[in-house]
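Below is one structure, written out as structure tokens; comments come after it.
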Amino acid sequence: MTDVLDETTRTTVLGSSWQGAARTGVAPFAFEENTRPWNWLELDRTAAAQLWRILGEFVSFFNARYGERPELRIPPCWAEHGSLVEEITTLWWARWQAFESAHASVGGAQYWHTYTVPGFFERMARWLGLDQLERCRQGRHEARSDGIGASSVQQCDTAAHLIAADLELRAERGGRPAAMTHDPGAQRLPIPFLERD
Ligand SMILES: [Zn+2]
């Protein structure tokens, strides 16, 4: 069977992110066992760095694949909005579970398109407000009024700075808060892809 896409077309149409960790399905296994990698509160520095990278690749893929209209794109300053970081995290993991995990199914994939993605867009507008979201999409991000995330440097520098600061605050390895370690079994959710045997 011949490859229907030449290399230029592949790069132009699909974008390099199409082949990144966000796409390959191996990304979940880069996290330590017993880590719930959608829960930022329990990620150590290594896991957080991995997740930042995956989300960056996923946002590139998502905007290239689905962002036919500007209002259907994730704003470039997403990393500066904690709410969007959290939402994109579960959006990505929900996609992984529906499309690429051992329990992936066309029904799950359709559910993601029909319910998960529209819900994500609704909540993104609710978190930021429609006006702010529109300005962010146009590259006119504004610092929060409470000063969190405030910076006068350029947006991409701000995101990089925020990610570096986030990683700096995390333990090198095994950064899970003590309260979550006493009985891991009690915390375990019935998520199929945590069963790795
Ligand atoms: Zn913004």
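Are any of the residues in segment 18-35 at pLDDT below 95, surrounded by fewer than 19 Cβ atoms within 10 Å (Cβ to Cβ), assigned to a helix (DSSP H, G or I) and polar (S, T, N, Q)?
Yes, segment 18-35 has at least one match.
Within the set of pairs 6 or more residues apart or between chains, which connect a residue that is touching a residue at least 40 places away in the same chain (Cβ under 8 Å) inside segment 100-123 to a residue that is surrounded by 11 or more Cβ atoms within 10 Å (Cβ to Cβ) and not in a helix (DSSP H, G or I) with Cβ atoms less than 9 Å apart?
What qualifies is Glu100/Gly25; Ser101/Gly25.
Go through His182, His103 for me and flag whichever is away from the ligand (no atom under 16 Å from the Cβ) and either over 25 Å from Thr35 (Cβ atoms) or at pLDDT 90 or above (or both). Lay out the reasoning, then the answer.
On the way: His182 fails: either over 25 Å from Thr35 (Cβ atoms) or at pLDDT 90 or above (or both).
So the residue among His182, His103 that is away from the ligand (no atom under 16 Å from the Cβ) and either over 25 Å from Thr35 (Cβ atoms) or at pLDDT 90 or above (or both) is His103.
Report whether or not Arg65 is part of a helix (DSSP H, G or I) and surrounded by fewer than 16 Cβ atoms within 10 Å (Cβ to Cβ).
Yes; evaluated as a whole, the condition is true for this residue.
Would you please name the residue that is farthest from His161 (Cα to Cα), looking only at residues in segment 68-88 that are within 10 Å of the chain's Cα centre (by Cα) and surrounded by fewer than 19 Cβ atoms within 10 Å (Cβ to Cβ)?
Glu86
The values are calculated or read from the model by the stated rules, or taken from the named source; none is laboratory data. Computed from a predicted structure; not experimentally measured. Neighbour counts run over all protein chains shown; Cβ positions are idealised from the backbone, glycine included.
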